[in-house]
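Scroll down for the structure; my scribbles are underneath it.
Computed from the coordinates by the stated procedures, all read-outs in this text should not be read as laboratory data. Given the structure is predicted, the values throughout are model-derived calculations rather than measurements. Backbone-built Cβ (ideal geometry, glycine too); neighbour counts: all protein chains shown.
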Amino acid sequence: MEHNTDGTIRKNIRIGSEVEIVQKQHQRSGELTEGFVERILTKSPNHHHGIKVRLETGEVGRVKLVVEY
């Protein structure tokens, strides 16, 4: 079952979660990249712009949406 979860809260994101991120170069356009979390880079429990992660593809960005927890 899919449920869309807020990407600004670290506990909503796990290794292997399917997420949509905005990469730094796409912040203005808001273009989203979908993938699976390889590593969570933000240490704090929340971040107002989204938790920063690295996807399995090596792309880094801030989580806008957790597609599957």
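Could we say that E34 is over 8 Å from the mean Cα position of the chain (by Cα), assigned to a strand (DSSP E or B) and touching a residue at least 24 places away in the same chain (Cβ under 8 Å) here? Spelling it out, E34 is indeed over 8 Å from the mean Cα position of the chain (by Cα), assigned to a strand (DSSP E or B) and touching a residue at least 24 places away in the same chain (Cβ under 8 Å). K64 meets each of the listed conditions (1) exposed (fewer than 11 other Cβ atoms within 10 Å of the Cβ); (2) in contact with an Asp or Glu (Cβ under 6 Å, 6 or more places away or on another chain) apart from (1).
Yes/no matrix, rows are residues, columns are (1) in contact with a Phe, Trp or Tyr (Cβ under 9 Å, 6 or more places away or on another chain); (2) of a type in the set (S, T, N, Q):
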| site | (1), (2) |
| --- | --- |
| K11 | no, no |
| S17 | yes, yes |
| I21 | no, no |
| E31 | no, no |
| F36 | no, no |
| T42 | no, yes |
